[in-house]
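Input: a single structure, listed below in structure tokens.
The values are calculated or read from the model by the stated rules, or taken from the named source; none is laboratory data. Every value quoted in this text rests on a predicted model; they were computed, and no experiment measured them. Neighbour counts are summed over all protein chains in view; Cβ atoms, including those assigned to glycine, are modelled from backbone coordinates with ideal geometry.
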Amino acid sequence: MISMLRITDILDKTQSYLGPEEQETIEKAYIFSASVHQGQIRLSGEPYLTHPVEVAGMLADMKLDAATIVTGLLHDTVEDTLATPDQIREAFGKEVEFLVEGLTKISKIIFGSKVEQQAENFRKMILAMSSDIRILLIRLVDRIHNMRTLEFQTPEKQKYIAEETLELYAPLANRLGINWIKVELEDLAFRYLNFEAYNEMAKRVAKRKEKREQYTEEVKNIIQKEIDQFGLKACVEGRAKHFYSIYKKMKEQHIDLDEVYDLIAFRIILDAKKEIECYEALSVVHALWKPVPGRFKDFIAMPKANNYRALHTTVIGPYGERVEIQIRSRIMHEWAEEGIAAHWRYKEGQSYKSDDDEQIKKLRELLEVQQDLKNPREFMSNLKMALFPDEVYIFTPRGDVKAFPKGATPIDFAYSIHTDVGNQCVGAKINRNIVPLKYELKNGDTVEIITQAGHHPTKDWLKYAVTSRAISKIRNWIKTEERKKSIALGKDILDKEFKKHHLKFSQIVKSDEIKKVYAEYSISTVDDLMAVVGYGKISAKRIVNKFLPEDVSKQSESTPEKEKKKTTVSSSVGISLTGIEDVMVRYARCCHPIPGDEILGYISRGRGLTVHTANCMNVEEMDTERIVDVEWNIKEKKTFPVNIRVVCTDKKGLLAEISAVISTMDVNISHAEIETRSADMQAICDFKLDVNDLQQFTQVLNAMKKLKSVISVERVRRSS
Ligand code: MN
């Protein structure tokens with residue numbers, strides 16, 4: 001058994017960079033953790049406490065800040081003990097509570113799928129849920145300790161945890177640029193996932209250890225000598241590559257271990273900060289040994305996604321063997337090994353305050369952040385934006401992870417499953433609770449869709465859907481549905497119109513004649529023809545006329561009144577429009593059009609034609625295909641309702657004064673509502689007037705504006 005790490009060991013590690021108060025908090029966290037984990041035993045037989053202490057110890061080795069180490073000690077308390085988040089907040093503050101809760105959330109993610117795309121979604125989900133990078137750092141270290149003690153688990157658990165480590169956590173360490181964590185996780189996982197291959201490799205590599213070390217020394221010395229002679233300050237390292245990377249190479253290239261020449265990676269680490277020296281070192285190496293064509297990689301000019309920077313080259317070494325060499329500056333090296341963790345490293349107890357902070361400067365250089373960043377917070381948020389895409393990650397009921405743009409709703413999720421699921425969804429369950437369709441999905445939600453046969457989308461859904469797939473499917477459904485209705489309506493109208501002339505539309509449809517007719521309108525099917533008639537774009541009469549003897553059709557067309565005044569649908573209503581017959585006309589209640597207003601007609605199924613003012617707010621949302629031109633055609637005197645709002649100073653006899661003005665214009669007030677505001681002594685009067693037309697209405701408005709007490713008068717249009 002490995003000797004147990006004690007709290008004093010951790011305090012020794014942190015003493016160099018944390019203040020006495022912070023040291024005390026760490027001790028307090030230790031005591032808290034010890035008391036709540038009391039009596040819990042790990043599978044290894046050790047007290048549970050050894051686990052959080054080991055985790056905190058590694059975090060201290062990484063020189064992370066006090067909150068991180070405290071959280072390391074407490075990370076399993078909320079999940080595995082009776083401790084509550086409230087207790088943690090009271091004892092250690094909001095920051096630690098937040099970090100512990102973040103870790104508790106992540107630990108609940110169950111890695112369900114090994115499919116590559118799914119694994120990537122899981123990775124992104126964990127990243128997105130680590131709203132503070134320290135959560136992820138603690139999680140990675142937690143995982144290292146669990147992997148180191150994996151032997152005590154059952155074989156099934158070993159396999160599952162090792163797979164999760166290899167698929168999720170090692171790539172995450174890599175993404176954050178923390179090489180040592182990635183390497184250790186990969187080798188530990190490799191050991192449990194393929195013990196035979198691991199063991200074989202360990203044996204064979206060990207066998208040649210002495211010979212290899214001799215060789216490593218030799219190559220190192222040659223390079224070091226050349227570099228020194230050139231006048232560059234650098235140290236040369238040579239170390240065996242980790243097993244998993246060798247194993248991957250063997251698999252990818254289908255070669256045996258004996259054929260893997262470059263088991264050792266050499267590194268030239270330059271003291272200088274100038275990049276140019278890296279290229280100078282490269283020229284020294286290439287002058288010494290012949291480079292292998294196509295193996296030079298410039299990660300300085302083009303850094304990797306995790307900001308890894310270095311020059312890589314492969315040369316033919318002293319024995320004709322391939323030698324892989326990496327060249328980097330110290331700063332690049334630090335980033336390559338510690339990545340993002342380097343940022344959280346505490347130096348001399350200082351927190352990151354000013355722009356001058358050496359640490360921030362360094363990181364900025366490392367990350368090549370172009371913008372002028374004012375503070376570390378800004379730096380972190382910029383970094384996060386790069387790391388965390390603008391997406392949310394949710395679980396399907398089967399445990400798969402799906403990514404959606406931020407703001408997505410269950411509607412988007414439903415359409416991502418299947419069009420029918422989308423069209424028929426009536427609601428959703430999030431983490432087993434029913435939510436409305438407009439609910440905004442959050443990271444980690446488990447989403448289940450409730451469908452109902454026969455249910456269908458509405459235009460409202462377009463407000464809540466954000467994915468283009470859902471939007472286009474909803475639009476498509478609405479369009480198809482409207483077309484279906486138009487076809488039915490068109491067919492009905494045509495049936496009737498033909499019947500008037502003792503013709504049967506059902507027979508006409510089969511004739512060749514009809515094809516000529518719709519060709520005239522650039523229409524290619526009978527359905528399309530019925531649809532345009534249904535929409536009111538072409539009148540049924542015009543179609544029927546094509547099938548009537550010349551004189552009959554002429555006669556019906558050349559009625560002088562109709563020629564001149566177009567087709568009056570319903571003279572009693574006072575609207576005329578071209579080409580549409582048998583339609584019920586009514587006035588929209590949202591805008592109350594009055595003669596003289598610019599108007600348009602909207603064909604609403606089942607309710608005939610509705611007349612709106614052209615500037616009605618509702619018109620914007622209307623289906624343009626169903627909007628038709630209409631004109632006023634008033635033959636007899638008739639009144640129309642119109643709403644106005646008058647704002648005036650509140651005084652006695654106000655209403656009498658206003659109504660006197662209105663009645664002298666021969667206008668009736670059908671409704672009045674007055675509200676007085678004591679705050680500014682103003683009265684707001686809403687009237688409904690019956691006017692003949694716009695001209696009369698304008699006269700009323702002008703007369704009212706002349707009243708002394710009137711502040712403003714305006715026509716009111718409701719939006720619905
Ligand atoms: Mn743990």
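Looking at segment 102-174, what helices (runs of 4 or more DSSP H) fall wholly within it and have at least 1 residues that are in contact with a Leu (Cβ under 7 Å, 6 or more places away or on another chain) and within 23 Å of Leu43 (Cβ to Cβ)?
Those helices (runs of 4 or more DSSP H) span 133-148, 155-164.
Quick check, is Tyr30 away from the ligand (no atom under 14 Å from the Cβ) and part of a loop (DSSP other than H, G, I, E, B)?
No.
It is to be established whether one or more residues within segment 89-100 are more than 14 Å from the ligand (Cβ to nearest atom) and not in a helix (DSSP H, G or I).
Looking for residues that are more than 14 Å from the ligand (Cβ to nearest atom) and not in a helix (DSSP H, G or I), one finds none in segment 89-100, hence no.
Of the residues in segment 77-88, how many are surrounded by fewer than 17 Cβ atoms within 10 Å (Cβ to Cβ), under 22 Å from Asn443 (Cβ atoms) and within 14 Å of the ligand (Cβ to nearest atom)?
1
I'd like to check something: does segment 120-133 contain any residue that is at pLDDT 95 or above, among the acidic types (Asp, Glu) and either more than 24 Å from the chain's Cα centre (by Cα) or over 16 Å from Leu59 (Cβ atoms) (or both)?
No, there is no match, as no residue in segment 120-133 is at pLDDT 95 or above, among the acidic types (Asp, Glu) and either more than 24 Å from the chain's Cα centre (by Cα) or over 16 Å from Leu59 (Cβ atoms) (or both).
For segment 244-346, list the strands (runs of 3 or more DSSP E) that sit wholly inside it and hold at least 2 residues that are more than 16 Å from Gln224 (Cβ to Cβ); which are they?
Output list reads 311-316, 322-329.
Here is a list: Ile227, Ile255, Ile222. Which entry is free of Cβ contacts under 8 Å to residues at least 12 places away in the same chain and farther than 17 Å from Val183 by Cβ?
Selected residue: Ile255, the only one of Ile227, Ile255, Ile222 that is free of Cβ contacts under 8 Å to residues at least 12 places away in the same chain and farther than 17 Å from Val183 by Cβ.
Quick check: is even one residue across segment 198-221 out of contact with any Gly (no Cβ under 6 Å at 6 or more places or on another chain), more than 30 Å from Phe98 (Cβ to Cβ), small (Gly, Ala, Ser) and away from the ligand (no atom under 16 Å from the Cβ)?
Scanning segment 198-221, I find at least one residue that is out of contact with any Gly (no Cβ under 6 Å at 6 or more places or on another chain), more than 30 Å from Phe98 (Cβ to Cβ), small (Gly, Ala, Ser) and away from the ligand (no atom under 16 Å from the Cβ), so the answer is yes.
Every residue in segment 413-425 that is surrounded by fewer than 24 Cβ atoms within 10 Å (Cβ to Cβ) and assigned to a helix (DSSP H, G or I), please.
Ser416, Ile417, Thr419, Asp420, Val421, Asn423
Please return the ranges of helices (runs of 4 or more DSSP H) entirely within segment 446-512 where 3 or more residues are surrounded by 14 or more Cβ atoms within 10 Å (Cβ to Cβ) and touching a residue at least 40 places away in the same chain (Cβ under 8 Å).
Fully inside segment 446-512 and qualifying: 468-500.
Output the residues belonging to segment 259-286 that are over 14 Å from Arg330 (Cα atoms) and without any contact (Cβ under 8 Å) to a residue 40 or more places away in the chain.
Glu259, Val260, Tyr279, Ser283, His286
Looking at segment 394-410, can you tell me whether even one residue there is at pLDDT 50 or above, in a helix (DSSP H, G or I) and not aromatic (Phe, Trp, Tyr)?
yes
For segment 626-641, state whether one or more residues are at pLDDT 85 or above and in contact with a His (Cβ under 8 Å, 6 or more places away or on another chain).
Yes, segment 626-641 contains at least one residue that is at pLDDT 85 or above and in contact with a His (Cβ under 8 Å, 6 or more places away or on another chain).
Among the numbered conditions (1) at pLDDT 85 or above; (2) surrounded by 12 or more Cβ atoms within 10 Å (Cβ to Cβ); (3) out of contact with any Leu (no Cβ under 7 Å at 6 or more places or on another chain), tell me where Gln229 comes up short.
Here Gln229 meets the rest and fails (2).
Residue-by-condition table, conditions (1) touching a strand residue (DSSP E or B) at 6+ places or on another chain (Cβ under 7 Å); (2) in a helix (DSSP H, G or I); (3) among the hydroxyl-bearing types (Ser, Thr, Tyr); (4) surrounded by fewer than 15 Cβ atoms within 10 Å (Cβ to Cβ):
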site: Leu609; (1), (2), (3), (4): yes, no, no, no
site: Lys635; (1), (2), (3), (4): no, no, no, yes
site: Cys685; (1), (2), (3), (4): yes, no, no, no
site: Asn702; (1), (2), (3), (4): no, yes, no, yes
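Only residues that are touching a residue at least 12 places away in the same chain (Cβ under 8 Å) and farther than 30 Å from Glu636 by Cβ: list them for segment 652-676, please.
Leu654, Leu655, Glu657, Glu673, Ile674, Thr676
Which one is farthest from the ligand (Cβ to nearest atom) among residues in segment 33-76 that are closer than 18 Å to Ile88 by Cα and of a type in the set (Ser, Thr, Tyr)?
Within segment 33-76, the match that is farthest from the ligand (Cβ to nearest atom) is Ser35.
Determine if segment 113-125 includes at least one residue that is within 16 Å of the ligand (Cβ to nearest atom) and touching a residue at least 24 places away in the same chain (Cβ under 8 Å).
Among the residues of segment 113-125, not one is within 16 Å of the ligand (Cβ to nearest atom) and touching a residue at least 24 places away in the same chain (Cβ under 8 Å), which makes the answer no.
Residue by residue through segment 135-167, note down the ones that are away from the ligand (no atom under 15 Å from the Cβ) and either among the β-branched types (Val, Ile, Thr) or closer than 19 Å to Ile109 by Cα (or both).
Correct list: Thr154, Glu156, Gln158, Lys159, Tyr160, Ala162, Glu163, Leu166, Glu167.
Quick one: Asn174 ticks every box in (1) in contact (Cβ under 8 Å) with a residue 60 or more places away in the chain; (2) within 16 Å of the ligand (Cβ to nearest atom) except a single one, so which number is it?
The one condition Asn174 does not meet is (2).
Does Ser131 fit the bill of being away from the ligand (no atom under 16 Å from the Cβ), of a type outside the set (Asp, Glu), over 17 Å from Ala34 (Cβ atoms) and out of contact with any strand residue (DSSP E or B) (no Cβ under 6 Å at 6 or more places or on another chain)?
Yes.
So which of Ala206, Ala202 ends up being closer than 28 Å to Ile181 by Cα, in contact (Cβ under 8 Å) with a residue 12 or more places away in the chain and part of a helix (DSSP H, G or I)?
The match here is Ala202.
Please tell me if Glu97 is buried (at least 20 other Cβ atoms within 10 Å of the Cβ) and either in contact (Cβ under 8 Å) with a residue 12 or more places away in the chain or in contact with a Ser or Thr (Cβ under 7 Å, 6 or more places away or on another chain) (or both).
So Glu97 fits the description; yes.
Consider Lys105 carefully, then state whether it is more than 13 Å from the ligand (Cβ to nearest atom) and under 30 Å from Asp400 (Cβ atoms).
yes
Do the conditions hold for Arg6, that is, is it away from the ligand (no atom under 16 Å from the Cβ), touching a residue at least 12 places away in the same chain (Cβ under 8 Å) and basic (Lys, Arg)?
Criteria met by Arg6.
So which residues in segment 513-544 are of a type outside the set (Ser, Thr, Tyr) and assigned to a loop (DSSP other than H, G, I, E, B), if there are any at all?
Hits for segment 513-544 are Ile523, Gly536, Lys537, Ile538.
Checking Glu657 against (1) touching a Leu at 6+ places or on another chain (Cβ under 8 Å); (2) in a strand (DSSP E or B), which single condition isn't satisfied?
(2)
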